[in-house]
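For reference, the structure is listed below as structure tokens.
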Amino acid sequence: MGIMDNIRNAVEEGKPGIVTRLLSKAIDSGINPQIILKEALLPAMRKMGQEYKEEDSDVARILAAARAMKKGMDFLEPYLDGSYFGTLGKVILGTAGGDLHDLGKNLVAIMFRSVGFEVIDLGVDVSAMRFIKAVKEHPDVNIVCVSSLLTTSMPEMKHIVHELNELHSRKNFKVMVGGGPVTEAFAKKIGADGYTDNAASAAQIARKFIENEKENK
Ligand code: B12
């Protein structure tokens with residue numbers, strides 16, 4: 001097995017120490033950090049996103065893998081070409097008020113960063129007021145993303161999107177929503193522009209939004 005497989009396995013098995021040691025070895029042996037990201041960390045992430053949606057998934061295992069993934073990204077990020085980050089646009093992201101689930105949101109952040117967005121992560125349990133404040137602080141924001149994993153935080157998601165839709169600057173950015181109980185129909189109903197059920201396609205849709213905007217200018 002090659003070093004890429006080993007990195008992938010160490011992430012999936014939730015071993016942050018081994019992940020950083022292997023990443024350091026890969027960098028030292030001259031492998032392009034972009035390749036490491038695409039061939040080791042992102043496939044591991046994709047697998048996490050799919051596998052851990054199963055209802056009987058083991059929470060301890062999910063948390064360990066997510067921690068190892070985060071350690072790996074933190075280690076790799078300084079080696080990735082700085083000019084690559086934040087060139088596509090700016091994203092504000094958070095989990096809706098009352099909801100503390102952040103693994104899916106964190107994967108969404110990683111995917112957005114990996115395609116070239118700058119991501120401002122507001123964290124979990126984010127109120128409509130904080131979303132609005134962040135949008136005002138970043139008038140150049142292109143996309144606002146709201147995550148919800150609980151049926152009980154979906155009304156809060158609705159409220160957040162409603163408040164965002166009231167802003168004068170609303171035409172300048174898109175709103176995307178996602179997370180376990182969220183559906184395309186719900187997204188439409190509450191007035192969001194986009195929904196997907198996984199982080200990889202979320203980043204692709206976001207990229208399309210930006211490309212379409214540039215074409216229309
Ligand atoms: C891990 C977990 C936890 C962890 C969270 C740790 C953390 N740091 O996030 C802990 C143990 C803390 C937890 C707590 C609770 N949990 Co919980 N939890 C889960 C579990 C097992 C996995 C969720 C997860 O992380 N999945 C992995 C990620 C990668 O998937 P994801 O979040 O769906 O994200 C993907 C997509 O949805 C999408 N996506 C996500 N966000 C966004 C946003 C945008 C904009 C887009 C486009 C896409 C997108 O991309 C992601 C990657 O592909 C689920 C069950 C399950 N299998 O889903 C229950 C689950 C979500 N929890 C549940 C519950 C009830 C709770 C608690 C209330 C339990 C309790 N009684 O204490 C508390 C709530 C605490 C709170 N206030 O938030 C229920 C929710 C039921 C419901 N319908 O509301 C579930 C479904 C379990 C169940 N079957 O009952 N939980």
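The values are calculated or read from the model by the stated rules, or taken from the named source; none is laboratory data. All of these numbers come straight from a predicted model, not from anything done at the bench. Cβ: placed from backbone, ideal geometry, glycine included. Neighbour counts: every protein chain shown. Side chains are part of the model used for accessible areas, which takes the heavy atoms of the whole protein and leaves out ligands, DNA and RNA. Shrake-Rupley method; radii C 1.70, N 1.55, O 1.52, S 1.80 Å.
Output the residue which, of all residues in segment 82-105 that are over 17 Å from residue 138 (Cα atoms), surrounded by fewer than 20 Cβ atoms within 10 Å (Cβ to Cβ) and modelled with pLDDT of 90 or more, is farthest from the ligand (Cβ to nearest atom).
Only one residue fits best here, namely 98.
Which strands (runs of 3 or more DSSP E) does segment 107-217 wholly contain that include 3 or more residues that are closer than 29 Å to residue 79 by Cβ?
Values: elements: 117-121, 143-147, 174-178.
In segment 107-217, 117-121, 143-147 are the strands (runs of 3 or more DSSP E) which contain 3 or more residues that are closer than 29 Å to residue 79 by Cβ.
Looking only at segment 159-176, which residues are basic (Lys, Arg) and either more than 14 Å from the ligand (Cβ to nearest atom) or in contact with a Lys or Arg (Cβ under 8 Å, 6 or more places away or on another chain) (or both)? Spell out how you get there, then give the answer.
Quick first cut of segment 159-176, residues basic (Lys, Arg) only: 170-171, 174.
Those that are basic (Lys, Arg) and either more than 14 Å from the ligand (Cβ to nearest atom) or in contact with a Lys or Arg (Cβ under 8 Å, 6 or more places away or on another chain) (or both): 170, 171.
Yes/no per residue for (1) among the polar types (S, T, N, Q); (2) out of contact with any Asp or Glu (no Cβ under 8 Å at 6 or more places or on another chain); (3) open to solvent by 60 Å² or more (accessible area, probe 1.4 Å):
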{"position": "71", "(1), (2), (3)": "no, yes, yes"}
{"position": "75", "(1), (2), (3)": "no, yes, no"}
{"position": "109", "(1), (2), (3)": "no, no, no"}
{"position": "123", "(1), (2), (3)": "no, no, no"}
{"position": "128", "(1), (2), (3)": "no, no, no"}
{"position": "137", "(1), (2), (3)": "no, yes, yes"}
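For segment 82-93, does any single residue satisfy the condition of being outside any loop (DSSP other than H, G, I, E, B) and under 21 Å from residue 62 (Cβ atoms)? If you could, list the steps in order and put the result at the bottom.
Step one: of segment 82-93, the residues outside any loop (DSSP other than H, G, I, E, B) are 82-84, 89-93.
Keeping just the survivors that are under 21 Å from residue 62 (Cβ atoms) gives 93.
Yes, segment 82-93 contains at least one residue that is outside any loop (DSSP other than H, G, I, E, B) and under 21 Å from residue 62 (Cβ atoms).
Residue by residue, here is whether (1) within 21 Å of residue 140 (Cα to Cα); (2) more than 17 Å from the chain's Cα centre (by Cα); (3) within 11 Å of the ligand (Cβ to nearest atom) holds:
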position: 178; (1), (2), (3): no, no, yes
position: 182; (1), (2), (3): no, no, yes
position: 185; (1), (2), (3): no, yes, no
position: 199; (1), (2), (3): no, no, yes
position: 204; (1), (2), (3): yes, no, yes
position: 210; (1), (2), (3): yes, no, no
position: 213; (1), (2), (3): yes, yes, no
position: 216; (1), (2), (3): yes, yes, no
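On the given criteria, is residue 56 closer than 30 Å to residue 153 by Cβ, open to solvent by 30 Å² or more (accessible area, probe 1.4 Å), modelled with pLDDT of 90 or more and within 14 Å of the ligand (Cβ to nearest atom)?
On the way: closer than 30 Å to residue 153 by Cβ: yes; open to solvent by 30 Å² or more (accessible area, probe 1.4 Å): yes; modelled with pLDDT of 90 or more: no; within 14 Å of the ligand (Cβ to nearest atom): yes.
No.
Just give me the residues in segment 189-198 being farther than 16 Å from residue 92 by Cβ and either surrounded by 13 or more Cβ atoms within 10 Å (Cβ to Cβ) or in contact with a strand residue (DSSP E or B) (Cβ under 8 Å, 6 or more places away or on another chain) (or both), in sequence order. Explain how you work it out, then say what you get.
In the first step, residues of segment 189-198 are kept if they are farther than 16 Å from residue 92 by Cβ; the result is 189-191, 195-198.
Passing the criteria: 190, 191, 195, 196, 197, 198.
Determine, yes or no, whether residue 136 is basic (Lys, Arg), in contact with a Leu (Cβ under 9 Å, 6 or more places away or on another chain) and within 15 Å of the ligand (Cβ to nearest atom). Break it down into steps so the answer makes sense when it comes.
Values: basic (Lys, Arg): yes; in contact with a Leu (Cβ under 9 Å, 6 or more places away or on another chain): yes; within 15 Å of the ligand (Cβ to nearest atom): no.
No, not satisfied.
Which of the residues belonging to segment 149-180 are in contact (Cβ under 8 Å) with a residue 60 or more places away in the chain and open to solvent by less than 40 Å² (accessible area, probe 1.4 Å)?
Of everything in segment 149-180, those that are in contact (Cβ under 8 Å) with a residue 60 or more places away in the chain and open to solvent by less than 40 Å² (accessible area, probe 1.4 Å) turn out to be 157, 160, 178, 179.
Residue by residue through segment 123-148, note down the ones that are among the small types (Gly, Ala, Ser) and in contact (Cβ under 8 Å) with a residue 40 or more places away in the chain. Spell out how you get there, then give the answer.
We begin by selecting, within segment 123-148, every residue among the small types (Gly, Ala, Ser); these are 123, 127-128, 134, 147-148.
Hits for segment 123-148 are 134, 147, 148.
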